[in-house]
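Remarks on the structure that follows.
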């Protein structure tokens, strides 16, 4: 098979543009999904039957609707612009999983800590922010790394609403040059680079937290 890797150099500007768009979408979705997911996860951990059922519906509903369906609904039915639609959908989808990660991390802590904090006069927001989450985050880092990786992989669906991310650029190069193997290989390496950077950053964060006294 005759491969022509010079094609990749010819399309370097397109690939770089797609790379940075993928990074921007992924980072925005990671931040949003973390904020929403942690909030929902904390609400699920409260001793309230109503909140438990409500957050359960949120988590199960979003987890069981495919990302593509949510993307098309947000863009074509609700009329959101392509970029906001892509980010919002990724935030909602992954926040459901991060909520489960958060709840599991909180439940791994001794229940007596919550009782003691309540007895000392702290409110639930203060308990989560100052007592429980700082401890639970250590156990949450490995599964959170997985969730952030999923965001990067799921970000590829935005090409379906004409956002020129890395996957979109793969299709463009293949369509214009019939060099799909070269394009797919290069884009795969770029996706792996993003995922590797996430893994390294989360690993470094975990080492920092482990050095801190409990």
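The values are calculated or read from the model by the stated rules, or taken from the named source; none is laboratory data. In this text the structure is predicted, and so the values were computed from the model without any measurement. Every residue, glycine among them, receives a Cβ derived from its backbone with ideal geometry; neighbour counts consider all protein chains shown.
Quick notes on this structure:
- Members of the stretch 172-202 found to be on the phi < 0 side of the Ramachandran plot, without any contact (Cβ under 8 Å) to a residue 24 or more places away in the chain and out of contact with any helix residue (DSSP H, G or I) (no Cβ under 7 Å at 6 or more places or on another chain), listed by number: 175, 176, 185, 188, 189, 192, 193, 196, 197, 200, 201
- Residues of the stretch 108-123 that turn out to be within 26 Å of the chain's Cα centre (by Cα) and surrounded by 13 or more Cβ atoms within 10 Å (Cβ to Cβ), as a count: 1
- Taking the numbered list (1) over 15 Å from the mean Cα position of the chain (by Cα); (2) surrounded by fewer than 14 Cβ atoms within 10 Å (Cβ to Cβ); (3) at pLDDT 95 or above in turn, residue 5 passes all entries but (3).
- The test for being touching a helix residue (DSSP H, G or I) at 6+ places or on another chain (Cβ under 9 Å) and within 26 Å of residue 99 (Cβ to Cβ) holds for residue 132.
- Qualifying residue in the stretch 172-189 (condition: outside any helix (DSSP H, G or I), under 23 Å from the mean Cα position of the chain (by Cα) and closer than 23 Å to residue 29 by Cβ): no
- For the criterion of being under 28 Å from residue 90 (Cα atoms) and at pLDDT below 95, residue 133 passes.
- Criterion applied to 35, 21, 27, 57 was being surrounded by fewer than 22 Cβ atoms within 10 Å (Cβ to Cβ), closer than 16 Å to residue 150 by Cβ and out of contact with any helix residue (DSSP H, G or I) (no Cβ under 7 Å at 6 or more places or on another chain), and the one residue passing it is 27.
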